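K.L.:
Quick one: structure below, then a few questions.
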Amino acid sequence: MRNFYLLLLMIIVLFSSCEKNDSKPENGNGYAMLKTGNYWIYNLTKIDSLGVETITENYDSTYINGEIVIRGYKYFKMQHSYWSLITPSEWFRDSSDYLVNSVGDIVFSSKNFNDTLHKSFNIAIGLNGIDTTYTCYYMMADKDLLTTVPAGNFSTLNYKGTYVVNERYIDYNSPLTSNYYYAKGVGLVCVKNTYMDGSQMLKKLVRYKVN
């Protein structure tokens, strides 16, 4: 009988733990628009070092098509169709003022414009051993910036990455940045990457459906 009550107690504790994890609040900030069925279609545009813009025939269809619980939080699967530009699928959760990916990196904030939200780096192995070729620091910038794309004009916030390159490897003059422009009630409307030769690659929102 004692073993029966012990087993019953373990089942109750296990059930309570699962219920508590699954019910953690998801307070959205209105910029990520993470809901199954939402989709965004983007066109890829190139701008060369002379400022000449070329609209390509490449499109990225991005859509939310699944959910999963990771470490007690609900994440949404974001699927991409254009694999050469970005990974085929990503997992995100909308946590109050922050957008967080599946490994815990903060990839957007609607209010924190003071702190470095994320840092990434690349390493190389050479004659002098392992060294860092560049470090990228991500912060929020350009509050309420008017961003124009084929889908319309939007007031956006920019999740901006600035690359600091190790000059032992590459000598450059142009600032290297990655910019992710989000509009409230819409989601990501534009991505703009700048390169060492002064050229740019943009991903511009053409149409979307959000609920």
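K.L.:
Taking amide H positions as placed 1.01 Å from N in the peptide plane, with prolines and chain starts having none, which residues 5 or more places from THR156, or on another chain, fall under 5 Å of its amide H?
P.N.:
ASP144, LEU145, LEU146, THR147
K.L.:
Through the Karplus equation 6.51 cos²θ - 1.76 cosθ + 1.60, θ set to phi - 60°, convert the phi angles of segment 190-201 into ³J(HN,Hα) values in whole Hz; use x for Gly and Pro.
P.N.:
7, 10, 9, 10, 10, 10, 5, 8, x, 7, 9, 10
K.L.:
Between ASN114 and THR135, what FRET efficiency follows from the Cβ-Cβ distance if R0 is 30 Å, with the result rounded to 0.05? Display every interim value, and only then the final one.
P.N.:
Working: r = 19 Å, r/R0 = 0.64.
Here the calculated transfer efficiency is 0.95.
K.L.:
Can I ask one more? With a point put 7 Å past each Cα toward its Cβ, work out how far GLU53 is from LYS143 in nm, to one decimal.
P.N.:
It works out to 2.8 nm between the two label points.
K.L.:
Holding the Cα-Cα limit at 19 Å, pick out from LYS143/LYS184; LYS119/LYS143; LYS35/LYS203; LYS111/LYS160; LYS35/LYS77; LYS111/LYS184 the pairs that are longer than that.
P.N.:
Over 19 Å Cα-Cα: LYS119/LYS143; LYS35/LYS203.
K.L.:
Continuing with the same structure: What does the charge count around TYR63 come to, taking other residues whose C-beta lies under 10 Å from its C-beta (Lys +1, Arg +1, Asp -1, Glu -1)? Let's see the in-between values first.
P.N.:
Values: positive: LYS77, LYS209; negative: none.
Once positives and negatives cancel, what remains is +2.
K.L.:
Related question: Once you list every other residue whose beta carbon is under 14 Å from the beta carbon of TYR181, what net charge do they have if Lys and Arg are +1 and Asp and Glu are -1? Mind showing how you got there, number by number?
P.N.:
On the way: positive: LYS143, LYS160, LYS184, LYS192, LYS203, LYS204; negative: ASP142, ASP144.
Taking every other residue near TYR181 into account, the sum is +4.
K.L.:
For a test of the definition: using alpha carbon positions, the gyration tensor, and the 1.5 limit on a/c, classify segment 25-209 as rounded, prolate or oblate. Kindly include the intermediate steps, with their values, before the conclusion.
P.N.:
Values: a/c = 1.67, a/b = 1.25, b/c = 1.34.
Oblate.
Only the coordinates and a few stated rules stand behind these numbers; no lab work does. Here the structure is a predicted model, which is why all the values come from computation and not from measurement. Note that we place each Cβ from the backbone using ideal geometry, even for glycine, and neighbour counts take in every protein chain shown.
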